[in-house]
Structure formats: C-alpha cells, structure tokens
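Structure, as structure tokens:
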Amino acid sequence: MIVSELAKVALQSLMINKLRSFLSMLGIIIGVTAVIAIISIGQGATQMVQETISSLGSGLVTISPGFRGGWGGRAARTASGLFTLELGEELKEKSPDVEELVPSIQSGGLLKYGENSYQASIVATASGYENIFNHTIAEGRFLVAEDVDNYRKVVVLGSNVVRELFGNQNPLGKKTIIQMGQGRFIFEVVGVLESKGQVMFFNFDNQVYIPVTTMMKRMTGSKYVNSYSAQAIDSEEAIKQVEFLLAKRLEDPDLYNVTSQEEILETIQRVSATMIFMLAGIAGISLLVGGIGIMNIMLVSVTERTREIGIRKALGAKRKDILIQFIVEALVMSLVGGAIGLVLGWAVSVLVSRYGGWAPTLSMFSVVVGIGFSSAVGLVFGIYPAMKAAKLNPVEALRYE
Amino acid sequence: MKKPFIQANDIWKIYYMGEVEVPAIRGISLEIKKGEFIAIIGPSGSGKSTLMHILGCLDKPTKGIFYLDEEDILKASENRLAAIRNDRIGFVFQQFNLLARRSALENVETPCLYAGKSRKERIRRARESLLKVGLEEKRFSHHPNQLSGGQRQRVAIARALINDPDIIFADEPTGALDTRSGDEILEIFQQLNKEGRTLILVTHERYVAQYAERIIHIKDGRIDSEELIAQ
Ligand SMILES: Nc1ncnc2c1ncn2[C@@H]1O[C@H](COP(=O)(O)OP(=O)(O)OP(=O)(O)O)[C@@H](O)[C@H]1O
Ligand SMILES: [Mg+2]
C-alpha cells in the first residue's frame, strides 16, 4: 500500500471538516508561533546588544560602585561617596595595563538654544573618553585636558541633540544653556560626535559631554564621580591591578565592581540564552496542549468513522493501512499547523524587530524546532487514536450505528 | 483428496455479553462448490449475517473447521484474512456501505487501492466495473447521496467486482430497494454467476432466494434444511 495514496485519503478527510481541522490545529499554531517568535526575538535582541557592546571597543574596563542586595534600585548604589578624581589619577598611574582612564558622572539636563530645547543625558568626563568608547568626531573637537584643568564651560554634542537644537545651523561656537536642577549655565559648543545609533533603550546620540571638573566645581559641588572607564591593554591584568589598588583604598570589596567588556558580553550571552530557553520552554507547553487537542479530535473522528473503518477493512484494508491513514491525518494537521505557526512566528518577529531596531533573524534552529516539534506532537498524539482505529474488529465496526 | 471450495464443519460463533453466552451460530456444517449460487434464508436473528461474515473471512468462528480453497482460515493471520478479502472476496450489503464523502468512482477504486494498484490502473478498472453493472458514465463523479438506491447498489456491486473476486457475498442486497430495482440487481447477480463466480446471497425473502441454485434454510443458528431449485 502506497503511503502517498493514504496521505491523499487523509487529506481529503481533513478537507471535509475544514473548520474543525483548523480549530484542532490552533493549539499547534499558537505554540509554534510563540516558540519561533521567542527564539527569533531573543536571538535578534541579544545579538544587537552584543554588537553594541563590542562597538564600544575592546579592552573596555568599567569601575563602578558596588551593588548591594541584588540588582537595581538607587538604594543599592553604595559607593558613590568613594570615587574621587585623585583616586582615578592613582589608578591610572599605578596600573601598567591601564592605558587610559577617565572619570564620569551621568546626569540629565535641559539644553536650550533660542526657541529650541532638548532633554539630554549629560556625561561629565575628561579627555580620552572618546577613545575609550570609540567615538568619532564629526565636527570640532572632543574635550581636551585644558577644558578639564580650567573648568571650562564647553560642551560636545551627540548628533540628535545637534539636530533638535540647531537644525541645519552650524553649532560650533554657539552658546547653549544647560539647565540642571535650579541652575542655568551657559556652555559653548566645541564639538559634535558622529552618530552611533539607538542601542536598545540607550541612545548615545542623545548625550552631551562636558568637563567633569566643570560639573563638580561649578554645577553640583560634588567631590565624587560615579564611575571610571578605562582602556586596558590586557583586560584581565588590568582588572587584577585595579582591584588590588582599590582593595588598599576601600576595604570592603562590595563597595566597587570592576568588569571588563568581555565579562559583560559573556554574562549577557549566558543570561539571554537561559531566558530564551525558559520562555521557549513555556511556549512549548502550549504545543503539548495543541497535541492533546489533536488527539482529542482524532479520537472523536475515529468514533465517528467507525463504520468507514469497518467498510475499509471489509474491502481488504490491513491494520497498517488504517493506522497510516489516521497517523497521516494527525501529522498533516500538526504539520500544517506548524507551518502556519512558522509563518506567523516569523511575521511577529519581523514586526517586533522593527520596533526593537535589530535585523530579524530566522535561524535554522527555530525552523527545525518548529517543524520538528509539531511533527513529533502529531506523531505522539496521533498514534493512540490511530491504533484504536486500526484495532477495530471489522464486523463490530460494520454493525456500528 | 481435494477439498471442496468452501468447507465448514461444526462452526460455532458465541458472543459473550458479560457472563452470558449468546450463541449466534450453533454447529453449522456446509460445503460449497466453486461457481455455485447459494441463497441463505432464515428469519431475522437466525444468524445469517453472522454466518456470512465468517464465510467471508470478516470474522473467525469461535470453534469449528473452515477451509476456503484448501486454506485453513482459523489458522490465518489478521493480515492474511485482509488479503483474502481484498483479493478473492467481494461484499455487497443491504445498506450499501459506501463511503459517504467519496464519488462513485472513488468508492469503486478503494479495494484496488489496498491491493497497491497504480492510480491509472485503478481508474481504468473502476470505470470498467461501473460500466459492467450498468451505471451511466455521467454518474461516476456523483456522491452516494446523489444516487438512487438502485444506483448505489450498482456502485457497491462494482466495488465488490473490481479485484475480480472468486466469491461474492451479498447480505440482503435488495432489502432497501423497490421490487423493480431489486430485480435488476438480482439479474446482475445471476449474470455474475453465469460468468463463473461463486455467489452467496443472504435474504429472508423466499422470492429473492429463488434466483439461487440451492437454498440453505437457517433457524436459531443451525441449518434447518436445504433445497435445490430447478432452473
Ligand atoms: N456483537 C454481538 N453481540 C451479541 N450478540 C450478537 C452480536 N452480533 C450478533 N449477535 C446476535 O447473534 C444473532 C444473529 O445475528 P445476525 O445478525 O447474524 O442475524 P440475521 O439472521 O442476520 O438477522 P437479520 O435478518 O435481522 O439481519 C442475533 O440474535 C444477534 O442478536
Ligand atoms: Mg443480517
């Protein structure tokens, strides 16, 4: 008996009850859609974050205050009263593998020029920052040592800030007002950075850069910086040296955190892989539910078609012919469901990737998972009803009303 | 010595309803020669259909001896029985038992499908078979519910014939038909018998049984009497 012929018989049976077949597939459709979308979105997002972090340049080491009591929350930041400019100088001088080190303070403020205003992230830092973070100067210059030494009120703008404040005008040499808290300060624009683009929730192009000393002495009066960013020759060595020095200055190792870009990349990779698998696993449960739906409808179908099975057996169908017919029916349902799910899942991930700003990826892996899982589900849940059908006694089946 | 084409000795079929034994066939012995036209007649519930299912290899007797063309059917596997039904036996039922959602042609094709014949061969044979029983060509694509009772029974006969079987079993084939189309169906059977096919016709109407050469009377699962009909 030719399987393709039985497949045709199965297909015809499914077409007779189109709506019912579709409804039975729904579980599989939703399951596969979810699995495909989650894998694709997860991979796309992770890849983008990784690319962004890599684009900051290799050898980046960040020295930040330690976090206590888990992630997040401003209360967890405990060391903001410990990092001084002098400590930064010392770290730079005494660590042979630290090539460059700049302090930075992150803040926010409203920039104004004429009628235009723009809420920007303000980074107070020093010369060298642009090299550590691989920024390219589009116009003018970045902050230089003299700016920092003399508390100059100069500002370097990200490309979005320039567009919003100055439109097509040349911003160099223009005076802009930075409003921070109660204070209003007049800054001169000395440079514009090349665009780096949106990085998830973070946009470098919304930032403006001012000398760290200007921020501390003229604007906030603070003696401390938020963090240090360093360019290492060898990241691992640099971390060891910095940690050694910090341990001497600040007894409690919980107060600070020294991480390299490589470590962050690794962590992101690990965390996101776990997340993707967990979410895909949850979505996989709906595949299981879909399988049960198919099994249910197949059992109903076997009962309804008892007489048909009896007739086929009287005409010479063997157990295996009936078995194949019903398994193919279950398989076709789950595979068609899987295919629809694949298309829908792909559509969802393309849609989400547009908002997220990454390239949509349809990996071979997710296609294999989608098709593989749905056919496995069809087989597993189709086999019991099919066996039930195949085992029917022909005379009893023929007598069935 | 060569055994008769169909040989049954002391066949019993006992159904079990819980603890209670319901014997449907109670020790039937009979011999049928190749090419015979037999009618099995008896009141309702006497076990005619049960006997026909056993002789047609659809069901095995609870005990007894049954040889079909020298093959011990009680020892045959389920697959072997399916192959015998497919290859050597054709069934015609009172309620037609056509596949509802298939065309006349597809219905007739089905035994050929299980015989593993190619699509082209199946269609060729199905058409031939349908023409032979006198169904008009324009009705080949009709579904059973678009056909009259007589036409449906023709389709069923065409289906029984498609694998060129040795024996045809018909269980009250005229039971659901009016006299005229019933007669037409019986004439087809007579014609098939003339071509050399063994025919076993189950009925409870004397007048239908009259078409056969030999009538076996069944009562309470036993053979009551036999009579030969002079043609
Ligand atoms: N699966 C079963 N379980 C129990 N009893 C059964 C079963 N099948 C048939 N019988 C019994 O066996 C007896 C013979 O049934 P059968 O169908 O062979 O009769 P019949 O002669 O064909 O009757 P009819 O002319 O009404 O078709 C009946 O009494 C019936 O109730
Ligand atoms: Mg009967």
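Descriptive notes on the structure:
- Any hit, the stretch B:209-223, residues being away from ligand 1 (no atom under 16 Å from the Cβ), crowded, with 21+ Cβ neighbours inside 10 Å and farther than 27 Å from B:A8 by Cα: no
- Exclusive hit being at the interface with chain A (Cβ under 10 Å from one of its Cβ atoms), in contact with a helix residue (DSSP H, G or I) (Cβ under 6 Å, 6 or more places away or on another chain) and open to solvent by 10 Å² or more (accessible area, probe 1.4 Å), set B:N163, B:N107: B:N163
- Within the stretch B:24-58, being away from chain A (no Cβ under 14 Å), within 16 Å of ligand 2 (Cβ to nearest atom), in a strand (DSSP E or B) and open to solvent by 10 Å² or more (accessible area, probe 1.4 Å) holds for one residue alone: B:I41.
- Candidates B:E172, B:E184 - the one that is on the phi > 0 side of the Ramachandran plot and out of contact with any helix residue (DSSP H, G or I) (no Cβ under 6 Å at 6 or more places or on another chain): B:E172
- Each residue in the stretch B:69-91 was checked for being crowded, with 24+ Cβ neighbours inside 10 Å and either more than 8 Å from every other protein chain (Cβ to nearest Cβ) or within 11 Å of the chain's Cα centre (by Cα) (or both), and 4 pass.
- Some residue of the stretch A:261-269 being of a type outside the set (S, T, N, Q), open to solvent by 30 Å² or more (accessible area, probe 1.4 Å), modelled with pLDDT under 85 and closer than 30 Å to A:R152 by Cβ: no
- Taken over the stretch B:6-23, the criterion of being small (G, A, S) and open to solvent by 20 Å² or more (accessible area, probe 1.4 Å) is satisfied by B:G18 alone.
- Considering (1) open to solvent by less than 40 Å² (accessible area, probe 1.4 Å); (2) part of a helix (DSSP H, G or I); (3) touching a Pro at 6+ places or on another chain (Cβ under 8 Å); (4) hydrophobic (A, V, I, L, M, F, W, C), the lone condition that A:V242 does not fulfil carries the number (3).
- Selection status of B:N145, open to solvent by 10 Å² or more (accessible area, probe 1.4 Å) and within 12 Å of chain A (Cβ to nearest Cβ): no
- Condition check for B:D171: within 16 Å of ligand 1 (Cβ to nearest atom) and not small (G, A, S): yes
- Summed over the stretch B:88-102, residues that are away from ligand 2 (no atom under 16 Å from the Cβ) and at pLDDT below 95 total 4.
- Test: B:H204 is open to solvent by 50 Å² or more (accessible area, probe 1.4 Å) and within 13 Å of B:I41 (Cα to Cα): yes
- Screening A:I294, A:I322 for residues that are open to solvent by less than 20 Å² (accessible area, probe 1.4 Å), at pLDDT 90 or above and within 14 Å of chain B (Cβ to nearest Cβ) leaves exactly one candidate, A:I322.
- Among residues of the stretch A:297-319, those that are assigned to a helix (DSSP H, G or I) and either touching a helix residue (DSSP H, G or I) at 6+ places or on another chain (Cβ under 6 Å) or more than 14 Å from chain B (Cβ to nearest Cβ) (or both), counted: 12
- Against the criterion of being under 23 Å from B:E195 (Cβ atoms), open to solvent by 20 Å² or more (accessible area, probe 1.4 Å) and away from ligand 2 (no atom under 16 Å from the Cβ), B:K3 does not qualify.
- Checked against the criteria, A:F373 does not count as modelled with pLDDT of 90 or more and crowded, with 17+ Cβ neighbours inside 10 Å.
- When residues in the stretch B:110-121 are screened for being part of a helix (DSSP H, G or I) and surrounded by fewer than 22 Cβ atoms within 10 Å (Cβ to Cβ), 3 of them pass.
- Every test in (1) among the hydrophobic types (A, V, I, L, M, F, W, C); (2) over 20 Å from B:K3 (Cα atoms); (3) more than 16 Å from the chain's Cα centre (by Cα); (4) more than 9 Å from chain A (Cβ to nearest Cβ) is passed by B:I65 save one, and that test is (2).
- Residue among B:I25, B:I65, B:I32, B:I38 that alone is in contact with a Ser or Thr (Cβ under 6 Å, 6 or more places away or on another chain) and either farther than 21 Å from B:I157 by Cβ or away from ligand 1 (no atom under 12 Å from the Cβ) (or both): B:I25
- Those residues of the stretch B:157-181 which are at pLDDT 95 or above and either among the small types (G, A, S) or in a helix (DSSP H, G or I) (or both), in sequence order: B:I157, B:A158, B:R159, B:A160, B:L161, B:A170
- Qualifying residue in the stretch B:189-196 (condition: away from ligand 2 (no atom under 16 Å from the Cβ), open to solvent by 40 Å² or more (accessible area, probe 1.4 Å), within 14 Å of another protein chain (Cβ to nearest Cβ) and in a helix (DSSP H, G or I)): no
- The stretch A:347-394: number of residues that are polar (S, T, N, Q) and within 14 Å of chain B (Cβ to nearest Cβ): 1
The values are calculated or read from the model by the stated rules, or taken from the named source; none is laboratory data. Every value quoted in this text rests on a predicted model; they were computed, and no experiment measured them. So basically every Cβ, Gly included, is an ideal-geometry build from the backbone, and we count neighbours across all protein chains shown. Ligands, DNA and RNA are stripped out before the accessible areas are found, and what is left, the full protein with its side chains, is counted by its heavy atoms. Shrake-Rupley method; radii C 1.70, N 1.55, O 1.52, S 1.80 Å.
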